[in-house]
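Only one structure is covered here, and it is reproduced in the block below.
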């Protein structure tokens, strides 16, 4: 059995990225019900809002789902982790910070711990701290990104060779051929965020979904590099405003005020691309349809097997 599926008690080795404050129970539960691992993100939400999301998700699925906690930006990490234990959440994803102080307590309660990393060094540290699985996230991914700017294709094989626990690839994956490629590079599962936005169950604004369908390979951009806060977003009127702010020498504090989760919600949930932004990975240009989550997962698995079969023929 696939080790990611075995450890997480899921059918397909495909998990959802956290998505911060735009996380919702509808999409996470749909992914879990379809055989993947749905994820809700704590983002910067207060603990009581995170609890509401957990309760709502549990009301929509009896299958495992994860909660992503971005350690350096979450409102109250210790309180949120207490809630995960209280509600018997089976999987926790830790990102954007040092997971070592939190892993032992979570594992005491039988919770599987995934840590998101972007370097071999941090992969080794996470494994030594007791992580059950790793997400190796490349620079192609949407949202907040690592300052290393290492691509998935370069990062993944190096991480896979350096640790003994299962590695999940993230960044640049949207279909079965991407799944097969990730496995060829040493992954045992994949994590997707942008691709799940363009699904029927995802309760995001139609402007967001339509933007992804219309994207080409150049439609995402990096903002925040000038202040050391790298974020990949979709190229929109508001994104261009952010670029201009950086050209004008904006301070770190001022820039962060323009990239709050409120601005993210304006774009992603309300469809206001003049005053809010939408996260998007580079893989947006490869998205051409809006299937159900179940259709997407089943198609990806079928395509991955077909891709492997085709490669075998090409290699002979």
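Before moving on, here are some points about what is shown:
- Directionally averaged projected area (convex hull, Cα atoms, the chain), nm²: 15.2
- Note on the chain: antiparallel DSSP beta bridges, both residues inside, total approximately 20 percent of the bridges counted.
- Mean residue ellipticity at 222 nm, helices only, the chain: -12500 deg cm²/dmol; runs of at least 4 DSSP H residues each add -39,500 (n - 2.57), and the sum is divided by the number of residues.
- Antiparallel DSSP beta bridges within the range 35-176, as percent of all bridges there, nearest 5: 0
- Surface/4 estimate of mean projected area, convex hull on alpha-carbon atoms of the range 220-279, nm²: 3.3
- Distance between the range 54-116 and the range 216-262 - C-alpha centres, whole angstrom: 29
- Look at 161, 231 and count the other Cβ atoms within 10 Å of each Cβ; fewest to most, that gives 161, 231.
- Each part gets one Cα centre, and for the range 135-152 versus the range 263-316 those centres are 17 Å apart.
- Cα centroid separation, the range 177-204 to the range 26-45 (Å): 13
- Fewest-first ordering of 302, 82 by other beta carbons within 10 Å of each residue's beta carbon gives 302, 82.
- Of 85, 197, 173, the one that fluctuates the most in a GNM where the chain has Cα springs shorter than 10 Å: 85
Each reported figure results from applying straightforward, stated rules to the coordinates on display, with no laboratory input. Quick caveat, the model's predicted, so the values are computed rather than measured. FYI the Cβ positions are ideal-geometry reconstructions off the backbone, even for glycines, and counts take in every protein chain you see.
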